[in-house]
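Read-outs: derived from the displayed coordinates by stated rules, not from any lab. In this text the structure is predicted, and so the values were computed from the model without any measurement. Heads up, the Cβs are rebuilt from the backbone with ideal geometry, glycines too, and the neighbour counts pull from every protein chain shown.
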Amino acid sequence: MERAATDERMTTELGIAYNRLPPWLAFERNIFVKMNAPEVLSRTLRFGSDRHLKLLQGETIVIGTATDPYQPAERRFRVTRGILEVLAEHPGLSICIISKSPLITRDIDVLSRINRISDLSVHISLITLDRDLARRIEPRSPTPEARIRGLARLREAGIDAGINCMPVLPGITDNPSDLEALVKRVSEAGATYVGACAVRLMSAARKRYLPFIEQEFPHLAERYRNTYGNSAYAGEKYREGLANFFEKLCAKYGVRGWSRRDEEDEGDESPGAALVPDIQLSFEIP
């Protein structure tokens with residue numbers, strides 16, 4: 001179901017429909033299209049404005065943190081392209097785009113213009129090369145092959161682009177040979193970096209994800225409950241091992257690499273998080 005609101009506020013009718021669904025279904029099935037977003041951005045970034053000056057002083061514009069800017073609705077509404085057209089008129093910016101979709105290559109012409117005048121990077125999300133597994137985890141997302149083709153096209157255009165292997169799913173996508181195959185493949189496609197971190201389950205995500213694990217990966221259900229029942233994070237040892245492993249992989253294949261260890265959140269972990277090393281069936285520190 002795709003719904004478009006033409007004004008700047010959610011109507012009562014749409015708000016009621018939105019609130020009737022669980023957050024994860026509402027997020028996926030009700031698409032609210034901000035048709036005036038490019039116009040609002042243009043006003044906000046008028047030359048000499050406070051926001052424009054802060055961006056010139058080093059703040060980064062990140063597109064794609066709340067929802068994918070190249071979700072299927074973008075084919076019709078072209079809101080993201082309109083935003084990029086505005087950014088192409090403002091030199092000296094730092095811009096980061098995060099997406100799962102090869103649709104981003106439709107806008108290579110505008111991205112190339114931005115790239116000539118600003119610091120631009122594109123992050124393609126990809127957690128596995130296994131097409132069947134990807135369909136189980138992300139049933140309506142572009143295939144791994146399509147994302148890699150998109151990555152290659154961006155790199156051919158001279159745009160800084162890499163892979164977010166996020167989130168790594170303990171016991172599901174963390175097999176060392178599979179991770180190495182992924183890093184090797186994307187490096188061959190020209191990726192400039194690979195970032196990785198283990199899955200984090202905040203409250204709303206936990207309510208959706210743990211039942212999914214029980215249904216699709218029942219042999220992992222108890223371990224996930226023990227680990228994530230009272231904590232959003234994988235255990236410190238697991239995250240540290242994963243980070244070290246990715247750093248070695250990236251060095252081996254000549255790409256920049258980083259892995260978030262969530263060190264700033266260590267104090268929030270519950271004792272149950274220490275069980276995470278047991279959740280992982282295949283990953284071993286080399």
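Holding the Cα-Cα limit at 28 Å, pick out from Lys34/Lys100; Lys34/Lys54; Lys54/Lys252 the pairs that are longer than that. Beyond 28 Å between Cα atoms: Lys54/Lys252. Modelled spin labels at Ala66 and Val33, positioned 7 Å past Cα toward Cβ, are 1.8 nm from each other.
Would the stretch 167-264 count as rounded, prolate or oblate if I go by the C-alpha gyration tensor, calling it rounded below 1.5 in a/c and otherwise prolate when a/b exceeds b/c, oblate otherwise? Show your work: numbers first, answer last.
Details: a/c = 2.44, a/b = 1.83, b/c = 1.33.
Since a/c reaches 1.5 and a/b is larger than b/c, the shape of the stretch 167-264 is classed as prolate.
Once the Cβ-Cβ distance between Arg78 and Ala157 is put in as r, and R0 is 25 Å, what FRET efficiency do you end up with, to the nearest 0.05? Intermediate results must be reported in sequence, preceding the final value.
Working: r = 20 Å, r/R0 = 0.78.
Efficiency, rounded to the nearest 0.05: 0.80.
What translational D, rounded to a whole number of µm²/s, comes out for the stretch 122-181 from Stokes-Einstein when the hydrodynamic radius is the Kirkwood one over Cα pairs, at 20 °C and 1.002 mPa s? Write out the running numbers ahead of the final one.
Numbers: Rh = 12.1 Å.
Here the translational diffusion coefficient equals 177 µm²/s.
Go through Pro102, Asn115, Ile127 and say which Cα lies farthest out towards the positive end of the charge dipole of the stretch 99-145; charges sit on Cβ, +1 for Lys and Arg, -1 for Asp and Glu. About the Cα centre, the residue reaching furthest to the positive side is Pro102. Two numbers describe the Cα atoms of the stretch 91-224: Rg and Dmax, which are 16.3, 52 Å.
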